[in-house]
Amino acid sequence: MHHRNTIRLAASATAVIAAALTLTACGPGDGDGSAKASSPTPASASPSRTTPATASPAGTAPSASGASGGGTTTASGTPASPASATSAGTAPACSVSAVQAKAYQAANRPDGTGTGAAIVEFTNVSGHACVLRGHPSVAGAGNGSPEHNLPLKVTPTGTAFPVRLAPGGRAWVKLTFHQVQGEGDGYCKSGAKPAVFPTLVVGLPGAGAHQVALTDGEFAECDNTVTATAVSAAKPS
């Protein structure tokens, strides 16, 4: 009887141990499966963080550089081509025959009774664009011969830039003289005698010399000195 009870106890103990082993075996198996399931998550999360960082510059940079870099190059390049095509550098200097000149008193001039200041207007009368540039030379015209011209001392003022004239286009220089004072023959503040010229000879670099008369009188000035602006596309007053 005692022997049978011992056998039953041993069998029960064996069953308990077997059950325990079964539970132990199941526990680690579930833990490993859970780790493997979570492992892909960080792995996929890591690329998801990296991918936007790489794609953003790659996606943005082409569109940004394409819009700004390419657009800027095109925008600056496209106007640059027409601009260079119509710039002064692509047109020849105006020849003497290509330009017609005339002169008239300036609205703004020194007080006095002489000419004071005059505007010389150059018009492109040729059929093609040409360029005027620089400060003028000025001389009182001699009687019938260029050798008799009296050069005036020119004080240049302002910066000289090339001026491109289309056919019919105009450009100007302003001449400001030492003004004559008083009535009649007048006088000069310097004590010199006033000079009177029916015409002046005005030259521009590369464009020859042009003899001009005032539309309203003669050129009366003192000291044979004149201040001259550079030829300009903006009409002076």
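The values are calculated or read from the model by the stated rules, or taken from the named source; none is laboratory data. These numbers come from a predicted model, not from an experiment. Cβ placement follows ideal geometry from the backbone for every residue including glycine, while neighbour counts extend to all protein chains displayed. Note: accessible area is taken over every heavy atom of the protein model, side chains too, but ligands, DNA and RNA are not part of it. Shrake-Rupley method; radii C 1.70, N 1.55, O 1.52, S 1.80 Å.
In table form, for the structure just shown:
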| item | result |
| --- | --- |
| Cα gyration tensor shape for region 129-168, rounded if a/c is under 1.5, else prolate or oblate | oblate |
| Per residue value of the accessible surface for region 108-237 (all protein chains in place, 1.4 Å probe), Å² | 48 Å² |
| Cross-link reach list, lysines versus K174, counting only Cα pairs under 28 Å and skipping chain neighbours closer than eight places | K102, K153, K189, K193, K235 |
| Globularity ratio of region 78-237, using Cα Rg and 2.2 N^0.38 Å | 1.11 |
| Potential extension, E147-E183 segment - 0.36 nm per residue separation minus Cα distance | 9.8 nm |
| Scattering curve values for region 126-220, log₁₀ I(q)/I(0), Debye with Cα scatterers, q = 0.10, 0.19 Å⁻¹ | -0.34, -1.04 |
| Point-charge dipole on Cβ atoms (K/R +1, D/E -1) for region 91-176, about Cα centre, debye to 20 | 200 debye |
| Y187 - accessible surface, heavy atoms, 1.4 Å probe, Å² rounded to 10 | 120 Å² |
